[in-house]
Amino acid sequence: AGSQVREVFDKINNLLSGKPVQSGGRTVSVTQHPQGLNFVCYKLAEKFVNQGEEEVASHHDAAFPIAVVASGIWEMHPQVGYLFLAHLHKKCPYAVPFYPALKEGTSMEEYQRILGYQIIDSKVEQQDSFLKRMSGMIRLYAAIIQVRWPYGNKQEAHPHGMAYGWRWIAQMLNMEPLTDVTATLLYHFLEVCGNALMKEYGEQFWKIMLFIQVQYIPRIEEITNTGQGGSLSRLKGFVEECLRQKDIPLPKGVLEPSFWR
């Protein structure tokens with residue numbers, strides 16, 4: 001409920017503003033240590049990214065309540081926003097977007113870590129699990145750029161708004177696609193942010209959708225092996241349907257005004 005989200009926001013905002021806050025049965029304040037505020041900003045930003053790769057990856061509807069808190073905190077405490085991007089880009093370089101190249105002298109295990117794979121006891125995580133986590137973080141990012149904290153200062157611009165969504169998609173389409181990864185992330189990004197991009201950019205956005213259908217999807221098809229096309233067919237179906245309807249549906253879990261009442 002909106003009241004619960006507001007409670008969470010107020011608690012985090014009070015903590016970052018130096019007010020004493022109840023946590024785990026004790027009263028804590030960032031003023032208790034000279035590095036207290038820096039530490040809390042760092043850990044909070046890390047927590048938001050973790051919620052993307054865990055919560056949002058498993059429950060797509062969770063993206064918007066988490067995003068609206070993250071967006072509001074970013075607006076009032078910009079340092080948290082910069083650290084959020086740093087954690088996000090380290091865990092999910094595709095959010096930049098950037099495909100790290102294998103450098104000379106880098107071991108295969110280290111390279112897979114750079115690509116975002118989790119490695120436990122020298123075992124690399126399964127591709128399904130990797131893609132699920134990456135798409136959770138991309139969905140959270142796609143939600144953050146389009147939502148505002150409803151009780152914030154409406155005069156100010158969004159600290160990291162829709163222009164970044166436009167930039168992300170343009171840069172993504174300027175890069176050579178990667179098997180599985182590109183189709184998956186494009187699909188999840190468009191599903192969450194497509195409606196907002198359509199409203200913001202109108203005809204220009206439809207040109208991008210047409211480019212994806214006519215030129216970019218065939219490039220993904222060229223590098224996709226038989227039996228690997230699940231994410232590709234999802235993207236293809238989504239783009240086709242949107243172009244046919246000349247509309248992009250609202251994403252699941254978007255917060256309607258009634259949510260806050």
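The values are calculated or read from the model by the stated rules, or taken from the named source; none is laboratory data. Nothing here was measured: the structure is a model prediction, and the numbers come from that model. Counting neighbours? That spans all protein chains shown, and the Cβs are built from the backbone with ideal geometry, glycine included. Note: accessible area is taken over every heavy atom of the protein model, side chains too, but ligands, DNA and RNA are not part of it. Shrake-Rupley method; radii C 1.70, N 1.55, O 1.52, S 1.80 Å.
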* Exactly one condition in (1) aromatic (Phe, Trp, Tyr); (2) at pLDDT 95 or above; (3) over 15 Å from the mean Cα position of the chain (by Cα) is not met by Tyr141; state its number. => (3)
* Have a look at Met172, Met209 and point out the one that is touching a residue at least 60 places away in the same chain (Cβ under 8 Å) and at negative phi. => Met172
* **Pairs with Cβ under 8 Å, 6+ apart, first in segment 108-127 and touching a residue at least 60 places away in the same chain (Cβ under 8 Å) and closer than 23 Å to Gln228 by Cβ, second open to solvent by less than 100 Å² (accessible area, probe 1.4 Å) and outside any loop (DSSP other than H, G, I, E, B)** => none
* **Criterion: within 23 Å of the chain's Cα centre (by Cα), farther than 20 Å from Leu85 by Cα and surrounded by fewer than 19 Cβ atoms within 10 Å (Cβ to Cβ) - qualifying residue of Ser58, Ser23** => Ser58
* **Count - residues of segment 195-222 that are open to solvent by less than 60 Å² (accessible area, probe 1.4 Å) and either part of a helix (DSSP H, G or I) or not assigned by the TED database to the domain that holds Lys246 (or both)** => 13
* To do: Look through Trp166, Trp74 and report the one residue that is modelled with pLDDT of 95 or more, open to solvent by 10 Å² or more (accessible area, probe 1.4 Å) and in the same structural domain as Phe189 (by the TED database).
  => Trp166
* Residue match in segment 115-136 (condition: closer than 20 Å to Val8 by Cβ and out of contact with any His (no Cβ under 7 Å at 6 or more places or on another chain)) -> yes
* Could you check, for segment 185-194, whether at least one of its residues is free of Cβ contacts under 8 Å to residues at least 60 places away in the same chain, open to solvent by 70 Å² or more (accessible area, probe 1.4 Å) and out of contact with any His (no Cβ under 9 Å at 6 or more places or on another chain)? => no
* **helices (runs of 4 or more DSSP H) within segment 63-166 that include 1 or more residues of a type in the set (S, T, N, Q) and more than 20 Å from Glu46 (Cβ to Cβ)** => 108-114, 127-144
* Answer residue from segment 1-60, given it is of a type in the set (Ser, Thr, Tyr) and under 27 Å from Lys91 (Cβ atoms) and is modelled with the lowest pLDDT among those -> Ser23
* Check on Glu104, open to solvent by 30 Å² or more (accessible area, probe 1.4 Å), within 26 Å of Ile217 (Cβ to Cβ) and among the acidic types (Asp, Glu) -> no
